[in-house]
Amino acid sequence: MGLYSIWQEKTDDSVLGAERVNAYIREYFGKEKDAYAAILAARENRIEGTVGELAEKFGLEPFEVTAFIDGINTSLNSQIEVETLEADSNVVLDIDWKKLYYNMNKAKAPWLYELEEWDGILDADERIAIRTQYRKDVQAVSTKVGRNDPCPCGSGKKYKKCCGRNEE
């Protein structure tokens, strides 16, 4: 069984029950927060080693490293196939800080994007700009034209007096 499969089994509430899985996930989030704090504090956006070495370095189990990599994968310059990882697999985490900050907002993880260690990596204005862009990207936009809106055909008339007339 691969390491990532162990992670999936540990987080399968149909096997272990929702209460036990939730308790484990809360514990894992604490470890994940500590790992991110260490990475950000070191200000090294390139981390290399085996899964086992990274587990030791960040206080995680090897199968938890695969979950960590799965979470950070979209913030890496080169993604890693987590399903194939074993304890002796070499990995290179080449982190794009701006993508990472954006994705932490996307994951709705304030315990990560509010870490004070971000101060030395992205200044406050950069973080605000990324947060603003994220909010803009997820904002719902209606494409429906209201009857009193200008007609999208460009005639300058109200929609109800132009193209919308045929719908009534």
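The values are calculated or read from the model by the stated rules, or taken from the named source; none is laboratory data. This one's a predicted model, so the numbers in the text were calculated from it and none came from an experiment. With ideal geometry, Cβ positions are generated from the backbone for all residues, glycine too; neighbour counts draw on all protein chains shown. Surface areas here come from the heavy atoms of the whole protein model, side chains and all, with no ligands, DNA or RNA. Shrake-Rupley method; radii C 1.70, N 1.55, O 1.52, S 1.80 Å.
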Before we move on, is residue 136 open to solvent by 90 Å² or more (accessible area, probe 1.4 Å), over 30 Å from residue 53 (Cβ atoms) and modelled with pLDDT under 90? no
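Looking only at region 142-168, which residues are at pLDDT below 85, more than 41 Å from the chain's Cα centre (by Cα) and open to solvent by less than 100 Å² (accessible area, probe 1.4 Å)?
Within region 142-168, just 164 meets the criteria.
If I filter region 43-61 down to residues being among the small types (Gly, Ala, Ser) and over 14 Å from residue 4 (Cα atoms), which single residue comes out as surrounded by the fewest Cβ atoms within 10 Å (Cβ to Cβ)?
Checked region 43-61; the qualifying residue surrounded by the fewest Cβ atoms within 10 Å (Cβ to Cβ) is 59.
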Taking the condition of a type outside the set (Phe, Trp, Tyr), more than 19 Å from residue 107 (Cα to Cα) and not in a helix (DSSP H, G or I), does residue 83 pass? no
Specify the residue that is farthest from the chain's Cα centre (by Cα); the eligible residues are those in region 110-128 that are free of Cβ contacts under 8 Å to residues at least 24 places away in the same chain and open to solvent by less than 60 Å² (accessible area, probe 1.4 Å). 124
Which residue pairs have Cβ atoms under 6 Å apart, sit 6 or more places apart or on different chains, and have a first residue in region 69-88 that is closer than 21 Å to residue 101 by Cα and without any contact (Cβ under 8 Å) to a residue 12 or more places away in the chain and a second that is open to solvent by 70 Å² or more (accessible area, probe 1.4 Å) and of a type outside the set (Phe, Trp, Tyr)? 73/79
In the set 19, 81, 64, the lone residue that is under 18 Å from the mean Cα position of the chain (by Cα), surrounded by fewer than 14 Cβ atoms within 10 Å (Cβ to Cβ) and farther than 21 Å from residue 118 by Cα is 81
Does residue 34 satisfy being under 12 Å from residue 3 (Cβ atoms), within 20 Å of the chain's Cα centre (by Cα), of a type outside the set (Gly, Ala, Ser) and open to solvent by 30 Å² or more (accessible area, probe 1.4 Å)? no
Meets criteria (closer than 26 Å to residue 8 by Cβ, of a type outside the set (Phe, Trp, Tyr), open to solvent by 30 Å² or more (accessible area, probe 1.4 Å) and assigned to a helix (DSSP H, G or I)) for residue 73: no
